[in-house]
Amino acid sequence: MSWQGLIIAALSGTPQAQDKKKAAFYLAQGPFNQAVGLWYAGQKFSPEAKADVEQKVATMIEVYKNRLSQNDWLTPETRDKAIVKLNVIKPYIGYPDELPERYSRKIVDENLTLFENAQKLSQIDIAYSWSKWEPSGGLQGMGNARPHGQCLLQSTEKPDCLSSGYPAGAFL
């Protein structure tokens, strides 16, 4: 291990440097993690299995709608709001049907160094992440995703927040 590696290991508390093959794998896989994940999921979770789960989720949503429409202890306004929320749920099952557009720009240039390629690929992801934030602090183009606080505070006014994930820290 080089002296720089020893210093980094000492400062980070890492007992030893990562195996070179493992480090190379993570470096190569990182910018293409969604593509690798999509390939892997397609191998382990067939399109037929995905369609089956999507159908089951759609059936569950219809069951909820039917139960709500027959509910007699909620006010009509509350029932209607609940049904509006059920209508905008966008289930994310297994894996997306296609990769995001930015993956078409992730091309390794054989004329660049490893570092230059890694930097170029990282810049694509950073630009994408920054492009999603609106000046108001909200997310755009993210389906039903919203910053968790926005959904917690406005869930009754924003029926499209139902499929958002909330970090555990929000409930502490």
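A compact table of results
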{"quantity": "In nm, spacing of pseudo-spin labels at residue 52 and residue 127 (7 Å Cα→C-beta vector)", "calculated": "4.2"}
{"quantity": "Whether the stretch 1-104 is rounded, prolate or oblate, judged on the alpha carbon gyration tensor where a/c under 1.5 counts as rounded", "calculated": "prolate"}
{"quantity": "Separation of the residue 27 and residue 92 label points, Cα + 7 Å toward Cβ, nm", "calculated": "3.0"}
{"quantity": "Full-extension gain in nm, residue 75 to residue 109, via 0.36 nm per residue minus C-alpha separation", "calculated": "6.1 nm"}
{"quantity": "Separation of the residue 7 and residue 66 label points, Cα + 7 Å toward Cβ, nm", "calculated": "6.9"}
{"quantity": "Greater than 18 Å apart at Cα, pairs in 50/132; 81/132; 65/85", "calculated": "50/132; 81/132"}
{"quantity": "Whole-Hz ³J(HN,Hα) from phi, Karplus 6.51 cos²θ - 1.76 cosθ + 1.60, for the stretch 83-88, glycine and proline x", "calculated": "5, 4, 5, 4, 5, 9"}
{"quantity": "Lysines with Cα under 23 Å of residue 21, excluding same-chain neighbours fewer than 8 positions away", "calculated": "106, 120"}
{"quantity": "Summed side-chain charge close to residue 99 - residues other than residue 99 whose Cβ falls under 15 Å, Lys, Arg +1, Asp, Glu -1", "calculated": "-1"}
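Rule-based calculations on the coordinates, nothing more; no lab input. Being a predicted model, the structure only gives us computed values, none of them experimental. Positions of Cβ are generated from backbone atoms using ideal geometry, with glycine treated the same way; all protein chains shown enter the neighbour counts.
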